[in-house]
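Rule-based calculations on the coordinates, nothing more; no lab input. The structure presented is a predicted model; accordingly, all values stated were derived computationally and were not measured. All Cβ positions, glycine included, derive from the backbone under ideal geometry; neighbour counts span all protein chains shown.
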Amino acid sequence: MALTGLADRLVGRLVSFLFGVLRRTDPDRASDLCGAVMRRIGPLLPSHRIGRANLRAAFPEKDRAWIEATLRGAWENLGRVAGEYVHLDEIWDYDPDRPDPNGRILADPAGVQLFLDLRDDGQPALAFASHLANWELPAVAAAAHGLPAAVVYRMPNNRAVAAEIARIRQGLMGRLIRSRKEAVFEMAAALNRGEHLGMVVDQHWSRGVDVTFFGRRCKANPTLARLVRQYDCPVVGVRVVRLGGRRFHLSSVGPLDLPRAADGQVDVPAATQMITTLIEGWVREHPEQWLWFHRRWR
């Protein structure tokens, strides 16, 4: 236990030091540096084998060269996300009234209008995203467009790292809801307050429902569909795509017409499958920008 505590403190101090170093650089340099480092180091890590197995399962028709090139791209994207993390407040430069075609953030006009409609309709809403490109940006976008928002997030195990990440997120993403057993009550309370609840829904969920993802059965988080069933509020998906490394394009889909059972209530398994299929389409378009390094199929 003592050795574990010491290791946690050392990791926390190291992360705090690295974040401090990255803050002294500009966002582009931090993104380029961390992306280049992870592109080299990532293939040496044990998680690379998980990513390789996942890609082989998802794209059985692709050869080894394509799989390895895609994985290197995924490692680079992950590194860039880390480098950009401490600069999230600087990266967001989109102004809906004066969009800059040369800015870091580009957005579909229809997607921007959807955000504004959600902001002004006087009711809560649910938004989902995936671990694609920089997956923190949808939450930043919601706050930037004035939506009263709450975001579900997973707390890192290391307390010092968790505190540092929470400090960065605070003020950029609205209310933060830590992913844990009690989170569902906090989510319900957020919707009761008329807030817009966002979550990332593309990872394994041991207590989830069965869905098909890239032709294989796996478990997916049904919480979003269950909340829609209870609150009957709009559901939208937000996708981020990385452009040329440092820039991003945001688009939205919805409000979705989710499948319903014979009694008119949202069909939770079918709705979860619909969302999973939509995310699969996003990943198929940009597989080098998705987080392949977790065990999605078990």
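The modelled label-to-label distance between Ala36 and Asp93, using points 7 Å beyond Cα along the C-beta direction, is 2.1 nm.
Can you tell me, using C-alpha contacts under 8 Å and at least 6 residues apart, the relative contact order of segment 2-289 as a whole percent?
On the way: 445 pairs, mean separation 59.9, N = 288.
Worked out over segment 2-289, it gives 21 percent.
Which order do peptides 127-134, 84-91, 177-184, 147-154 fall in by mean Cβ count within 10 Å, highest first? Can you show the working numbers first?
On the way: 127-134: 24.2, 84-91: 18.8, 177-184: 13.1, 147-154: 20.9.
Listed from highest to lowest mean packing, they are 127-134, 147-154, 84-91, 177-184.
Exposure proxy for Thr272, Thr25: other Cβ atoms within 10 Å of each Cβ, ordered fewest to most, give Thr25, Thr272.
Could you tell me which of Leu118, Ile67, Leu137 has its Cα farthest along the dipole of segment 2-289 towards the positive end, charges placed at Cβ (Lys, Arg +1; Asp, Glu -1), taken about the Cα centre? Farthest along the dipole direction, towards plus: Ile67.
Taking a temperature of 20 °C and a viscosity of 1.002 mPa s, what whole-number D in µm²/s does Stokes-Einstein yield for segment 17-80 with Rh from Kirkwood over alpha carbon pairs? Rounded, D is 169 µm²/s.
When N counts the residues of the chain, how does its alpha-carbon radius of gyration compare numerically with 2.2 N^0.38 Å, as a ratio? Display every interim value, and only then the final one.
Values: Rg = 19.1 Å, N = 298, 2.2 N^0.38 = 19.2 Å.
Expressed relative to 2.2 N^0.38 Å, the Cα Rg reads 1.00.
When the helices of the chain are scored as -39500 (n - 2.57) per DSSP H run of n ≥ 4 and the total is divided over every residue, the value at 222 nm lands at -15000 deg cm²/dmol. Remark on segment 77-158: hydrodynamic radius 14.2 angstrom, per the Kirkwood mean of 1/r across alpha carbon pairs. Entry for segment 209-282 at q = 0.12, 0.14, 0.21 Å⁻¹: log10 I(q)/I(0) = -0.38, -0.51, -0.94, Debye formula applied to identical alpha-carbon scatterers, no solvent contribution. For segment 2-289, the Cβ-based charge dipole about the Cα centre amounts to some 1360 debye (Lys, Arg positive; Asp, Glu negative; other atoms uncharged). Cα centroid separation, segment 90-140 to segment 241-298: 17 Å.
Computed packing ranks the peptides 63-73, 213-223 as 213-223, 63-73, most packed first, by mean other Cβ atoms within 10 Å.
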